[in-house]
Amino acid sequence: MRKITLLLFIVFSQTIFSASKITETEKLTATCKVWGFLKYYHPKVAAGALNWDNQLLEKLPFIEKAKTKEEFSLILEKWIDDLGPIKEIAPIPAPKDVEYFDKNFDLSWFNNSKVFSKKLSKKLKFIEENRFQGKQFYVEGMENVGNIHLINESNLNPDYNDTNSKLRVIFMYWNLIEYFFPYKYQMDENWDTALEKVIPQVIASKGDTEFFMVMKKLAYKLNDSHVEFFIYQSSTPKKDWRFFPANGKIIDEKLVVTEILGDSLAQAYNIKIGTEVTKIDHKTINEIVAENRELIGASNESKYLDKLTSRFLSSESDTVEVEFLEDGKYVTKTMFWGDYHDSHRNEFKKGAKKKKEKFKLLEDNVGYVDMGILKPENVPDMINMMKSTKAIVFDLRNYPKGTIREISDFINPQEKTFAIYTVPDLTYPGRFKWSEGSKSGFENKDNYKGKVVVLINEKAISHSEWSAMCFQGSGNATLVGSQTAGADGNVSQFYFEGFSTLISGIGVFYPDKRETQRIGIVPDIEVKPTIEGIRAGKDEVLDRALLFLETGK
């Protein structure tokens, strides 16, 4: 009996000991969350009374030494206690006339008993309930917009050969997204999981180049077409890029040339509109598509393929092996790629791009407006030309120049709300609230009475998508084309030492709260370019729009 009791005691003791063990990744993941939470919630920290970055760097060596949950929790408990007492103001009354959007909001990690003691969990909950209610020290909402930008962030000149210095940057960025990215709930990978995965990668990275690659991949996990990553300072020498002499579109596992950018190079290698590229440097288009997914920020597949095209049509090498499909045969050519993108070098250009018209009349009294080049000062003349047409085609396969308000006044018979928004609540970080929407038009009996068609595709992003929503709000517009980029909302740009990155800063929805992020603007009539159509010089999207205007179908 004594032996059995002793055995049970040993097993029980081992179980307890094993359960309290905590890994390096678990500690750092939890530390990141607590540090970020205190940064925006603790009255003293959120008010800017401390150098919060330095506090983190001071605590990380002690956290590294902790071997158990109990040791780890004690360090964090003491850290919180050392910040001083918190005035109890709970319950904080909910603001009147505020409707919350809470798909992003989750502080349930407080109760993770695997890493936190009950006492620590209670302290965190108390801070939430008695959170800071003043002006945030580290972030502020942009006036009349709502998306946040950074203020008062200390510039510590990160040492990219020092693990803790690199972790500080990751912690800062992860918490910005955790509390202020409106579309966190739509990401493919859970943001907590992304943090757990990135910490070992940060620790293993050596120097700024490897760290920037880790950081870039983390940023692109947002699945947001607005996300870009710009490196300003790096120990790696700046690359001299060379370019394929044309733009293209990925169709049926091929890159199909859609636009000639360098006439002389294109002629030298018999590259024309409709030319099909099947391999670049011995890699198929499918292989290139697969290997770049972590390196491009995109909300959906359409925009990913669009962004990817410019990536693999550039090279550090002057000579590139390119395989073409010509007359049913695969032909490999060793090409010279040039630097014709440089405005100081014109020997490859020779007027490849034709001057486009801002607006014009097509056959059968149909107007056409290129929204990408139409400027506000051009709108009165455009309206004067278009007011007696039977239909107008507005081409939004581009980025418009802020003309939609005037145009909506022209086509709308009355004022309508066409978009509503979610914006961060800085008094309760992580929560978003619905804000007033955008309206267009006015009571106008003299509005345009003809049909309105809007052309869209993956080139339409952000303001272009917002403009498409404005057209839809008129109730008199038919959208023709394909899925847009799926990234609407004002952009927030975050600057770090050596790099910066972007995100969509507010949530954009239809008035009935239907989502636009990742989905994009969905056309009423879907049509995509084909290889045959491109080769024949057709604009199949425009052709389909004109067919609709002729037949009503």
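I'd like to verify a number: residues in segment 257-308 that are surrounded by 17 or more Cβ atoms within 10 Å (Cβ to Cβ), of a type in the set (S, T, N, Q) and either assigned to a loop (DSSP other than H, G, I, E, B) or touching a Leu at 6+ places or on another chain (Cβ under 7 Å) (or both), how many?
Going through segment 257-308 one residue at a time, the tally reaches 4.
Pull up segment 524-553, narrow it to residues that are touching a residue at least 12 places away in the same chain (Cβ under 8 Å) and assigned to a loop (DSSP other than H, G, I, E, B), then point me to the one that is most open to solvent (accessible area, probe 1.4 Å).
Here the answer is LYS528.
So how many residues does segment 484-523 have that are of a type in the set (Lys, Arg) and either closer than 25 Å to MET213 by Cα or open to solvent by less than 10 Å² (accessible area, probe 1.4 Å) (or both)?
1
Considering only residues that are aromatic (Phe, Trp, Tyr) and open to solvent by 10 Å² or more (accessible area, probe 1.4 Å), which ones fall in segment 309-324?
Within segment 309-324, PHE312 is the sole residue that qualifies.
In segment 149-181, which residues are among the hydrophobic types (A, V, I, L, M, F, W, C) and closer than 17 Å to GLY48 by Cα?
LEU150, ILE151, LEU156, MET172, LEU176
Only residues that are closer than 30 Å to THR23 by Cα, open to solvent by less than 60 Å² (accessible area, probe 1.4 Å) and in a loop (DSSP other than H, G, I, E, B): list them for segment 92-130, please.
Those that are closer than 30 Å to THR23 by Cα, open to solvent by less than 60 Å² (accessible area, probe 1.4 Å) and in a loop (DSSP other than H, G, I, E, B): ASN104, PHE105, LEU107, VAL115, PHE116, SER117.
Out of the residues in segment 131-155 meeting the condition of being in contact with a Ser or Thr (Cβ under 7 Å, 6 or more places away or on another chain) and part of a loop (DSSP other than H, G, I, E, B), tell me which one is modelled with the highest pLDDT.
GLN133
For residues in segment 430-462 being free of Cβ contacts under 8 Å to residues at least 60 places away in the same chain and either touching a Leu at 6+ places or on another chain (Cβ under 8 Å) or in a strand (DSSP E or B) (or both), which is farthest from VAL527 (Cα to Cα)? Give the steps one after another, and end with the answer.
Residues of segment 430-462 free of Cβ contacts under 8 Å to residues at least 60 places away in the same chain: 436, 438-447, 449.
Next, from what is left, pick out any that are either touching a Leu at 6+ places or on another chain (Cβ under 8 Å) or in a strand (DSSP E or B) (or both): 436, 438-440.
Details: GLU436: 34, SER438: 29, LYS439: 29, SER440: 28 Å.
It comes out as GLU436.
If you take the residues in segment 179-212 that are in contact (Cβ under 8 Å) with a residue 12 or more places away in the chain and aliphatic (A, V, I, L, M), which one is nearest to GLN517 (Cα to Cα)?
Result: MET187.
Can you pull out every residue in segment 52-88 that is within 37 Å of the chain's Cα centre (by Cα), open to solvent by 70 Å² or more (accessible area, probe 1.4 Å) and not charged (D, E, K, R)?
Result: PHE62, single match.
As an exercise: evaluate LYS254 against (1) open to solvent by 70 Å² or more (accessible area, probe 1.4 Å); (2) touching a helix residue (DSSP H, G or I) at 6+ places or on another chain (Cβ under 8 Å); (3) over 26 Å from GLU210 (Cα atoms) and give the number of the one condition it does not meet.
If we test LYS254 against (1) open to solvent by 70 Å² or more (accessible area, probe 1.4 Å); (2) touching a helix residue (DSSP H, G or I) at 6+ places or on another chain (Cβ under 8 Å); (3) over 26 Å from GLU210 (Cα atoms), just (1) comes out false.
For the subset of segment 430-444 comprising residues that are open to solvent by less than 20 Å² (accessible area, probe 1.4 Å) and polar (S, T, N, Q), which member is farthest from PRO43 (Cα to Cα)?
SER440
Where in segment 156-245 are there helices (runs of 4 or more DSSP H), lying wholly inside it, with at least 1 residues that are over 26 Å from GLU58 (Cβ atoms) and in contact with a Ser or Thr (Cβ under 7 Å, 6 or more places away or on another chain)?
207-220
Which of the residues that make up segment 397-429 are surrounded by fewer than 21 Cβ atoms within 10 Å (Cβ to Cβ), touching a strand residue (DSSP E or B) at 6+ places or on another chain (Cβ under 8 Å) and either charged (D, E, K, R) or assigned to a loop (DSSP other than H, G, I, E, B) (or both)?
ASN398, ARG405, ASP409, GLU415, LYS416, ASP425
The values are calculated or read from the model by the stated rules, or taken from the named source; none is laboratory data. Keep in mind that this is a model prediction, so the values were computed, not measured. Here the Cβ is made from the backbone with ideal geometry for all residues, glycine too, and neighbour counts use every protein chain on show. Accessible surface is based on the protein model in full, side chains and every heavy atom, while ligands, DNA and RNA are left aside. Shrake-Rupley method; radii C 1.70, N 1.55, O 1.52, S 1.80 Å.
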